[in-house]
Amino acid sequence: ISRVTCPNCRVAEQLLTKAGVPFEKHIAEEDLDLCRAYGVKGAPTLIIAKGENFRSYYSVPEIKKYLASL
């Protein structure tokens, strides 16, 4: 989940792209139902969904930790 004016969101997108991790970009302001469904409170938030289960990573440091665990 990203925001249009969020500089940290651009950093997160660059990190994911550089790591070769495929992702779908959703803009928080345009997809409020998705944000509510996953309990997103801020951006950037990376959501890893597997079926009905999901895990979310909020902030660039958390996304970096996720990428380091791959």
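A few remarks follow.
- Isolated Cys in the chain, by beta carbon distance under 4.7 Å: 35
- For log10 I(q)/I(0) by the Debye sum over Cα atoms at q = 0.12, 0.22, 0.24, 0.26 Å⁻¹, calculated from these coordinates, the label among (i) -0.28, -0.97, -1.15, -1.32; (ii) -0.36, -1.10, -1.22, -1.29; (iii) -0.32, -0.94, -1.06, -1.18: (i)
- Annotation for segment 1-62: trypsin sites (Lys or Arg not before Pro) lying in DSSP loop with at most 12 further Cβ atoms inside 10 Å of their Cβ are 25, 41.
- Of all accessible heavy-atom area on the chain, the percent that carbon and sulfur account for (1.4 Å): 51 percent
- Applying 0.36 nm per residue to the separation of residue 3 and residue 23 and subtracting their alpha-carbon distance, the gain on full extension is 5.7 nm.
- For the set 56, 69, solvent exposure ranked by accessible area (probe 1.4 Å, protein chains only) runs largest to smallest as 69, 56.
- Calculated FRET efficiency for the pair residue 50/residue 11, C-beta based, R₀ 25 Å, to 0.05: 0.50
The values are calculated or read from the model by the stated rules, or taken from the named source; none is laboratory data. Quick caveat: nothing in here was measured; it's all calculated off a predicted structure. Because the Cβ atoms are built from the backbone with ideal geometry, glycine has one as well, and the counts that use them run over all protein chains shown. These area figures cover heavy atoms from the full protein model, side chains too; ligands, DNA and RNA do not enter into them. Shrake-Rupley method; radii C 1.70, N 1.55, O 1.52, S 1.80 Å.
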